[in-house]
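**Student:** Have a look at this one.
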Amino acid sequence: MSIQQNIQELRKHIPSNVRLVCVSKFHPNEAVMEAYDCGERVFGESKVQELCGKYETLPKDISWHYIGHLQTNKIKLLVPFVDLIHGVDSYKVLEEINKHALKAGKVVNCLLQVHIATEETKFGFSPEELMETLSDGKWRDLSGIRICGFMGMATYTDNRNQVSAEFHTLKDLFDRVKLQYFNDVDSFKELSMGMSDDFELAIEEGSTLVRIGSSIFGNRNYQT
Ligand SMILES: *Cc1c(COP(=O)(O)O)cnc(C)c1O
């Protein structure tokens, strides 16, 4: 199936209140343009260098999301143009984004990544760390960042119940934090969860942003 056909198929499964982030990492500009020509405007990348290259060469009305792990020394490259950073996984990273955002005279939209999977390797705040970071309140002084919600990745497993339960945990946490800290903040509304293999479960559990790569663009060739 072509990229266009994949997108048309995918759209049947994504309700209008959920946004699609087309994850174009490791795929060339031509692939991005095929999705663009179908009307897609939100693209996600997980390598800073690759993202910057695509930003420079592709249409300027694309909304670029950074979905990878952040190294503090690369943040300043993203700040000028990134629309949403999904994977903020420490207070230090938040401070670093803030610093560059203030220098650039911008407010950068961020999602805090929460560790919901059982695997040790996935990045993110544990729910306890997240609650501690929020309750200590220092983040309120960071006027260069806007916390728009959370991002999470479920365990890589065939056990659908487990995946659903992990997404449910994140949605629960989101609702509690919204009530306690962001009740009057309209921009705190995003829950980024769900990838090619589990986005339907994520949507059932309240996702607002699904990050989908291989179901659109096919398998990634990590050699290139
Ligand atoms: C690569 C990636 C995706 C997309 O994964 P697919 O399984 O190809 O849909 C989503 N989220 C993150 C954080 C990723 O790194």
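The values are calculated or read from the model by the stated rules, or taken from the named source; none is laboratory data. For clarity, every value in this text was computed on a predicted model and none was experimentally measured. Here the Cβ is made from the backbone with ideal geometry for all residues, glycine too, and neighbour counts use every protein chain on show. For the accessible areas, the whole protein counts, side chains as well, though only heavy atoms, and no ligand, DNA or RNA atoms are used. Shrake-Rupley method; radii C 1.70, N 1.55, O 1.52, S 1.80 Å.
**Student:** Filter the strands (runs of 3 or more DSSP E) completely within the range 93-197 down to those with at least 2 residues that are open to solvent by 50 Å² or more (accessible area, probe 1.4 Å) and either in contact (Cβ under 8 Å) with a residue 12 or more places away in the chain or in contact with a helix residue (DSSP H, G or I) (Cβ under 9 Å, 6 or more places away or on another chain) (or both).
**Tutor:** Details: elements: 108-115, 145-153, 190-192.
Those strands (runs of 3 or more DSSP E) span 145-153.
**Student:** Is it the case that the range 23-39 has a residue that's among the polar types (S, T, N, Q) and more than 16 Å from the ligand (Cβ to nearest atom)? So that I can check it myself, show each step before the final result.
**Tutor:** Step one: filter the range 23-39 for residues among the polar types (S, T, N, Q), giving 24, 29.
Subset that is more than 16 Å from the ligand (Cβ to nearest atom): 29.
Yes, the range 23-39 has at least one match.
**Student:** I need the full set of residues from the range 22-33 which are surrounded by 18 or more Cβ atoms within 10 Å (Cβ to Cβ) and of a type outside the set (Gly, Ala, Ser), in order please.
**Tutor:** First, the residues of the range 22-33 that are surrounded by 18 or more Cβ atoms within 10 Å (Cβ to Cβ): 22-27, 32.
Correct list: CYS22, VAL23, LYS25, PHE26, HIS27, VAL32.
**Student:** Hey, another quick one. With the requirement that a residue be closer than 16 Å to HIS65 by Cβ and among the basic types (Lys, Arg), what does the range 121-152 give you?
**Tutor:** ARG146
**Student:** To continue, here is another question. Evaluate the range 48-62: report whether one residue or more is under 25 Å from LYS106 (Cα atoms), within 14 Å of the ligand (Cβ to nearest atom) and open to solvent by 70 Å² or more (accessible area, probe 1.4 Å). Don't jump to the end; show me each part of the working.
**Tutor:** Filtering the range 48-62 for residues under 25 Å from LYS106 (Cα atoms) gives 48-62.
From what's left, within 14 Å of the ligand (Cβ to nearest atom): 48, 50-51.
Narrowing further to those that are open to solvent by 70 Å² or more (accessible area, probe 1.4 Å): none.
No; the residues of the range 48-62 include none that is under 25 Å from LYS106 (Cα atoms), within 14 Å of the ligand (Cβ to nearest atom) and open to solvent by 70 Å² or more (accessible area, probe 1.4 Å).
**Student:** Collect the residues in the range 198-221 that are within 11 Å of the ligand (Cβ to nearest atom) and surrounded by fewer than 17 Cβ atoms within 10 Å (Cβ to Cβ), keeping them in residue-number order.
**Tutor:** Passing the criteria: SER214, GLY218, ASN219, ARG220.
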